[in-house]
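The values are calculated or read from the model by the stated rules, or taken from the named source; none is laboratory data. Remember, it's a predicted structure, so these values are computed and weren't measured experimentally. These accessible areas exclude ligands, DNA and RNA; they are computed on the full protein's heavy atoms, side chains included. Shrake-Rupley method; radii C 1.70, N 1.55, O 1.52, S 1.80 Å.
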Amino acid sequence: MAFCLLASSLSSGEETTRHYADTHIHLLNFLQGGEFLNDDDTFAGSSWGEVRHQRFVTLPAGERWRRVAGVMRCMERSNIERAIIFGMPVVKKWDENDSYERPDGYLDNESPVLLARDTDLIVASAIEEARLRYHDDEQQLERLNAIAPFVCGIDPTDLGAVDQVVHRILEYPGTWQGIGEVFSRHDDLTHLQLGEHPRANHPALLRVCKFAGENHLPVSIHHNIAPVSRPGSNRPPVYLDELIELFRYCHETPGSGRESTVFIWCHAGTSRRVQVENLPYWIDEVLAVYGEHVYIDLSWVVWDNYIEDDIATWAKLIEKHPDRFMLGSDVVGGATNAAEQLTRFEPLLAALDAKVAQRVARGNLCDLLDRMAERRRLAGLSHKDLAGIELPKDYRFPEYAHMPRLRDEESFVRSRLQRQDK
């Protein structure tokens, strides 16, 4: 079932309301807190549960539905008909060396960021509680079903990360509709991570993304096209080859009977202080080869750093690939500012053909989510009337699939152990 309504557009000179689909809402912030509906003053703080900047009341079990209720309220008020939501895959540590003031965001000080393994549990419990609360309210259930939760709390350098994705799906069947936002190359955030740094072509991500393709789950990935730049200087897109290797690995030949993994490339590969000359050219080149299964998320700094001063070039690029671009707010810790972020792109939408603008604003994301849900249904991977994935209870991802080492039949030791077992 498609949850998107017919959207209004600008036609015959008559001004009507724009409707959106948002490909990028973080339900939680870098402290693993976030907004929730508190207009009944059940909890301390504001009507959104904020007690001071980026500090929110902790919700007990039975009250976590308020998080998604808040998103639903914001979507209704802002004409957002569909939205992808994630938690936040990392949490900012308050390091002893930076003890003067507790940090809020990842750039507040030099304290590292740590993997937030429970972030998906927070999101899933909120969704599950909302389903129970609104089980007999068809209107609210329809709004809830317009939200597509993605699994994000994985370590993209852990060869076992795919197992965690599987665990979350088995724990909350029918909930998850994709994977992400996966943090790969991510400006200074990458340098604040302890241990091995992620990259798009890491074998751990190859395993996760092949699993996603096999089970009709889109993958939202943040992978900078280049390293950060000195002020006023451009860098060549030296990180792009890593992402292309992932796209290539997950590409299936038409007619093979297998589906290529669908990717949403966040922020068109941009980030803070990432400056690449002629970014539209590189996006065009990527879509020319991998446009069958790659979408471009227009959100965050891509507007300020690239599109705002070159609308005509970006409009030409989008009209060349009208089904490949989506809008996202990239709001962190709730959706109260989502509309403000989405409407920044109105000058770009106004420069497009009206039908293309409608596709970018809402249609492309709606079509993608509905198409993936239908494929899961046909493959027997759907859960009753829910759009999210359900795996067989005994599902296990093959132990050595898509590993950088030898396959079983090529391993001297494993092949003989298997022979002994027989």
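Computed from phi, the 3J(HN,Hα) profile of region 364-377 under the Karplus parametrisation 6.51, -1.76, 1.60 (θ = phi - 60°) reads 5, 5, 4, 5, 5, 4, 5, 5, 5, 4, 5, 5, 5, 5 Hz, with x in place of Gly and Pro. Measuring nothing but protein heavy atoms, the accessible surface of region 239-365 at 1.4 Å probe radius is 45 percent carbon and sulfur. Annotation: per residue accessible area for region 52-93 equals 37 Å², rounded to a whole number [probe 1.4 Å, protein chains only]. Label region 186-321 by shape, choosing from rounded, prolate and oblate, from the square roots a ≥ b ≥ c of the eigenvalues of the Cα gyration tensor; if a/c is under 1.5 it is rounded, and otherwise prolate applies when a/b is larger than b/c, oblate when it is not. Because a/c hits 1.5 or more and a/b fails to exceed b/c, region 186-321 counts as oblate. Taken per residue, the accessible surface of region 133-172 reaches 42 Å², heavy atoms only and a 1.4 Å probe. Straight Cα distances below 19 angstrom link LYS355 to the lysines LYS316, LYS320, with same-chain residues fewer than 8 positions distant left out.
Taking 0.36 nm per residue of separation and subtracting the current Cα-Cα distance, fully stretching the chain between HIS167 and SER229 would add 18.4 nm. For region 274-334, what does the alpha-carbon gyration tensor say about shape, rounded, prolate or oblate, given a ≥ b ≥ c as the root eigenvalues, a/c under 1.5 as rounded, and a/b over b/c as prolate? It is oblate, given that a/c is not under 1.5 and a/b is not larger than b/c. Rounded to the nearest 5, the antiparallel percentage of DSSP beta bridges internal to the chain is 25%.
Take every pair of alpha-carbon atoms less than 8 Å apart whose residues are at least six positions apart; their mean separation over the length of the chain yields a relative contact order of 18 percent.
Taking a ≥ b ≥ c as the square roots of the eigenvalues of the Cα gyration tensor of the chain, is the shape rounded (a/c under 1.5), prolate (a/b larger than b/c) or oblate? Since a/c stays below 1.5, the shape of the chain is classed as rounded. Residues PHE86, PHE30 ordered from highest to lowest accessible area at a 1.4 Å probe: PHE30, PHE86. The fraction of accessible area contributed by carbon and sulfur in region 52-164 is 43 percent, rounded to a whole number (1.4 Å probe; ligands and nucleic acids excluded).
Taking all protein chains into account, the per residue accessible area for region 315-422 stands at 56 Å² (1.4 Å probe).
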